[in-house]
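Undergrad: Please see the structure below; I have some questions.
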Amino acid sequence: MRFSRVLLAILIATSLASISTHVNAQTVLARVLDGEDSRPVFGALTYLVDSEGTVLKNALTDQLGRALFVGLEAGAFRVRVEMIGKATVETDLFQVAAGATATQDVRLESSAIVLEGLQVEAEGGRCRVRPSQGLGVADLWDEARKALSAAAFTDREAIYLYRTTSYTRELALDAKTIQREEERTGTKLFDSKPAEDLIENGFVQKDGDGELYFAPDADVLLSDPFLDSHCFRFSVGRGEAEGLIGLGFEPASGRNRTVDISGTLWLDGQTFELRWLQYNYENLDPDINSSEVGGRVDSSGFRTALGLFPNGGSRCRASEFLMMLPVERECVSSLTGAQAVA
């Protein structure tokens with residue numbers, strides 16, 4: 001009986017301690033509003049930053065423009081908010097006392113990119129690794145980065161659920177004619193390899209008697225290894241991309257020992273929303289035409305990660321594109337991929 005009373009006392013004490021900890025936990029509520037009409041901003045990427053500038057947590061704002069950060073220690077914080085087409089805002093340092101909830105209202109104003117300056121930079125023709133602030137191409141990268149950061153966040157947090165179709169196709173040498181196809185349904189998308197692996201070993205890697213062709217996901221495009229090994233320039237939209245502004249990228253000088261990628265991130269010329277990514281493989285085997293092997297991701301594909309479809313083939317929202325090419329270059333090749341269908 002004594003043991004039971006002691007055990008009960010311990011359980012009650014533990015429960016009270018848990019409740020006390022929960023009650024005393026600090027909370028920060030960020031409310032993000034449009035600077036012009038004060039409407040809530042939905043889908044803004046919101047960061048909670050400590051006094052040293054370290055990002056502690058991040059979240060996307062809900063339909064009421066709110067982002068809630070809970071379970072914090074008492075201390076000093078800032079809130080930073082990013083949104084495509086809006087200037088990034090960071091609040092002043094504010095204190096959160098023990099057991100308190102702090103509310104921060106943030107207003108986002110439209111950002112302006114001088115397109116004439118971008119045109120001048122494009123005519124200069126220089127491709128820049130990590131373009132410095134003050135250059136139009138740096139501003140353009142910042143808009144693309146916001147979209148990619150949101151995509152990477154939703155992927156890590158599994159915010160969206162998808163029904164997928166994976167497939168294996170046998171293709172003729174033209175990489176367009178499907179000779180045989182198998183499909184399977186499921187819920188799992190492929191994951192791209194880490195950026196360090198792709199930069200070191202290439203975007204095409206051997207696998208048994210074939211090769212795997214990897215697509216970059218948002219994390220790869222945002223990574224230091226990728227940004228340190230690729231240069232960026234402004235591209236003028238023509239044809240299908242008429243009216244869009246492009247941020248082109250390519251391997252930096254000297255990167256010709258492994259298979260790499262070049263391409264363009266196409267953004268809306270007015271809102272700077274990311275429309276699609278198009279890219280090709282560089283430094284491929286001479287037997288393969290680089291212009292015929294590449295990919296594209298439309299804006300909807302950035303909600304999960306990035307994927308591609310073969311030029312001339314069917315579109316595919318996948319976070320990894322796998323194409324098996326037999327080493328002997330026989331008459332057929334095998335293509336494996338996945339597509340989010342819902």
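The values are calculated or read from the model by the stated rules, or taken from the named source; none is laboratory data. Remember, it's a predicted structure, so these values are computed and weren't measured experimentally. Glycine gets a Cβ as well: all are built from the backbone with ideal geometry, and neighbour counts include every protein chain shown.
Undergrad: For the stretch 83-99: of the residues being of a type outside the set (V, I, T), surrounded by 14 or more Cβ atoms within 10 Å (Cβ to Cβ) and part of a loop (DSSP other than H, G, I, E, B), which is modelled with the lowest pLDDT?
TA: The residue in question is G85.
A quick yes/no check of all residues on (1) of a type in the set (A, V, I, L, M, F, W, C); (2) part of a loop (DSSP other than H, G, I, E, B); (3) over 30 Å from L244 (Cα atoms); (4) at pLDDT 65 or above:
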{"residue": "K146", "(1), (2), (3), (4)": "no, no, no, yes"}
{"residue": "A152", "(1), (2), (3), (4)": "yes, no, no, yes"}
{"residue": "Y162", "(1), (2), (3), (4)": "no, yes, no, no"}
{"residue": "R180", "(1), (2), (3), (4)": "no, no, yes, no"}
{"residue": "E200", "(1), (2), (3), (4)": "no, no, yes, yes"}
{"residue": "P216", "(1), (2), (3), (4)": "no, yes, no, yes"}
{"residue": "D219", "(1), (2), (3), (4)": "no, no, no, yes"}
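Undergrad: Now a separate question. When you look at G43, is it surrounded by 14 or more Cβ atoms within 10 Å (Cβ to Cβ) and not in a strand (DSSP E or B), yes or no?
TA: yes
Undergrad: While we're here: Confirm whether F42 is among the aromatic types (F, W, Y), on the phi < 0 side of the Ramachandran plot and within 19 Å of the chain's Cα centre (by Cα).
TA: Yes: the conditions hold for F42.
Undergrad: Select from the stretch 100-113 the residues that are under 20 Å from E273 (Cβ atoms) and in contact with an Asp or Glu (Cβ under 8 Å, 6 or more places away or on another chain) and write down the one among them that is modelled with the highest pLDDT. Show your work before the answer.
TA: Step one: list which residues in the stretch 100-113 are under 20 Å from E273 (Cβ atoms), which gives 108-113.
Next cut, in contact with an Asp or Glu (Cβ under 8 Å, 6 or more places away or on another chain) only: 108-111, 113.
Numbers: L108: 95, E109: 92, S110: 86, S111: 78, I113: 64.
Top of the filtered list is L108.
Undergrad: Can you pull out the residues in the stretch 204-239 that are surrounded by fewer than 19 Cβ atoms within 10 Å (Cβ to Cβ), in contact with a Phe, Trp or Tyr (Cβ under 9 Å, 6 or more places away or on another chain) and under 17 Å from L267 (Cα atoms)?
TA: The one that is surrounded by fewer than 19 Cβ atoms within 10 Å (Cβ to Cβ), in contact with a Phe, Trp or Tyr (Cβ under 9 Å, 6 or more places away or on another chain) and under 17 Å from L267 (Cα atoms): G237.
Undergrad: Got a sec? Which of V49, V70 is crowded, with 17+ Cβ neighbours inside 10 Å and either at pLDDT 95 or above or assigned to a strand (DSSP E or B) (or both)?
TA: Unique residue meeting the criteria: V49.
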